[in-house]
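Beneath this line is the structure, given in structure tokens, with notes to follow.
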Amino acid sequence: IADVWPEGPVASVEILSPPTVAAGGELSLRVAATNRKAGHTFITGPLDFIRSWIHLTVADADGHLLAEYGSINPKSRDIDDAPGQPHVEGNKSDKGTMVLESLPVNEDGEVLRRHELWLMAGGTGKRLIFPHYSDAQRFQIKVPVGTKGPLQVRAELNYRRYRQEFLNLVVPEMEAERGVYQPTITQSTDEASVQVTQAQAP
């Protein structure tokens with residue numbers, strides 16, 4: 001099947017950005033994830049465990065961050081929508097971090113957090129990508145006056161096997177006792193450079 005099986009990762013990430021942005025304005029960009037090779041939705045089950053998300057950073061020419069979405073909190077190990085702000089499940093497509101996820105709920109609409117799938121009666125917060133389809137999220141980043149360009153934009157499509165919340169429930173002392181924590185696997189990366197134009201003196 002080599003003639004129909006593309007090279008590269010199962011799922012990929014791509015940055016769609018303008019070539020320039022004005023200092024003092026906003027950088028408007030989109031980041032797209034594509035299910036290239038999975039014959040099922042990306043992500044697939046068990047959906048109460050697996051998560052994939054985009055970690056996006058925008059920095060000036062000196063490496064100072066202007067924005068960051070999807071970092072891993074160094075204390076809680078949760079995904080952050082912004083530094084210090086835990087990810088909110090079911091974000092709109094122009095808010096926070098783009099997270100591919102789906103949570104099972106019971107007949108009362110309560111989220112099942114301990115893998116009790118025999119109680120599952122539905123789902124919530126579903127965001128998945130069908131085979132050969134893409135999903136994208138828009139980001140608006142303020143560019144302060146005097147920002148030194150070019151801006152360096154980097155996106156990673158990351159993956160973890162378990163929701164951190166589940167690990168906190170079933171093995172709460174894993175890191176303290178054994179010094180290990182859940183790794184983050186990067187499936188795909190993309191980078192872009194955006195020139196910054198400065199306002200002309202009157």
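The values are calculated or read from the model by the stated rules, or taken from the named source; none is laboratory data. Nothing here was measured: the structure is a model prediction, and the numbers come from that model. Here Cβ is always computed from backbone atoms with ideal geometry, including for glycine, and neighbour counts include all displayed protein chains. Heavy atoms of the whole protein, side chains included, go into the accessibility calculation; ligands, DNA and RNA do not. Shrake-Rupley method; radii C 1.70, N 1.55, O 1.52, S 1.80 Å.
What the table shows:
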| item | result |
| --- | --- |
| When each of Lys37/Lys142; Lys75/Lys142; Lys37/Lys75; Lys75/Lys95; Lys37/Lys95; Lys75/Lys126 is checked by Cα-Cα distance, pairs over 29 Å | Lys37/Lys142; Lys37/Lys75 |
| Net lengthening on full extension, Val4/Arg114 (0.36 nm per residue, minus Cα-Cα) | 35.7 nm |
| Per-residue [θ]222 nm for the chain (sum of -39500 (n - 2.57) over DSSP H runs n ≥ 4, rounded to 500) | -1500 deg cm²/dmol |
| Listed candidates (i) 35; (ii) 41; (iii) 47 - label of the one calculated as percent of Cα pairs over 28 Å apart | (i) |
| Net charge over other residues, Cβ less than 13 angstrom from the Cβ of Gly149 (K, R count +1; D, E count -1) | -1 |
| Local electrostatic count at Val180 - Lys and Arg +1, Asp and Glu -1, tallied over other residues with Cβ under 15 Å | +1 |
| Order of exposure, largest accessible area first, which applies to Ser52, Ser71 with probe 1.4 Å | Ser71, Ser52 |
| Two-decimal Rg/Rh across segment 1-99, once Rg and the Kirkwood Rh are taken from alpha-carbon atoms | 1.02 |
| Accessible surface, the chain, averaged per residue in Å² (probe 1.4 Å) | 56 Å² |
| Whole-number D in µm² s⁻¹ for segment 115-158, Kirkwood Cα-pair radius fed into Stokes-Einstein, 10 °C, 1.306 mPa s | 101 µm²/s |
| Accessible surface of the chain [probe 1.4 Å, protein heavy atoms]: carbon and sulfur percent | 52 percent |
| Dipole magnitude of segment 1-88, debye to nearest 20 (Cβ charges: Lys/Arg +1, Asp/Glu -1, about Cα centre) | 280 debye |
| Overall dimensions of segment 7-62 by Cα: Rg and Dmax, Å | 15.6, 45 |
| Calculated log₁₀ intensity ratio I(q)/I(0) where the Debye formula runs over C-alpha points of segment 124-202, q = 0.12, 0.18 Å⁻¹ | -0.68, -0.98 |
| Kirkwood hydrodynamic radius (C-alpha pairs) into Stokes-Einstein, segment 60-108, 25 °C and 0.890 mPa s, D in µm²/s | 196 µm²/s |
| Cα-based equivalent ellipsoid, segment 53-153: semi-axes from gyration tensor eigenvalues, Å | 33, 15, 10 |
| Point-to-point label distance, Glu165-Ser28, nm (Cα→Cβ direction, 7 Å offset) | 3.3 nm |
| Which of Ala11, Ile79, Val153, positive extreme of dipole for the chain (C-beta unit charges) | Val153 |
| Total charge dipole magnitude, the chain, about the Cα centre, Cβ charges on Lys, Arg, Asp, Glu only, Debye to nearest 20 | 200 debye |
| Signed unit charges on C-beta, dipole axis of the chain, positive-most listed residue Thr41, Ala136, Tyr162 | Ala136 |
| Leading residue at positive end of dipole, segment 48-139 (Cβ point charges), from Val111, Gly70, Gly123 | Gly123 |
| Cα-based reach from Lys148 at 17 Å (exclusive), listing lysines while leaving out same-chain residues under 8 positions away | none |
| For segment 32-89, alpha-carbon Rg over 2.2 N^0.38 Å | 1.39 |
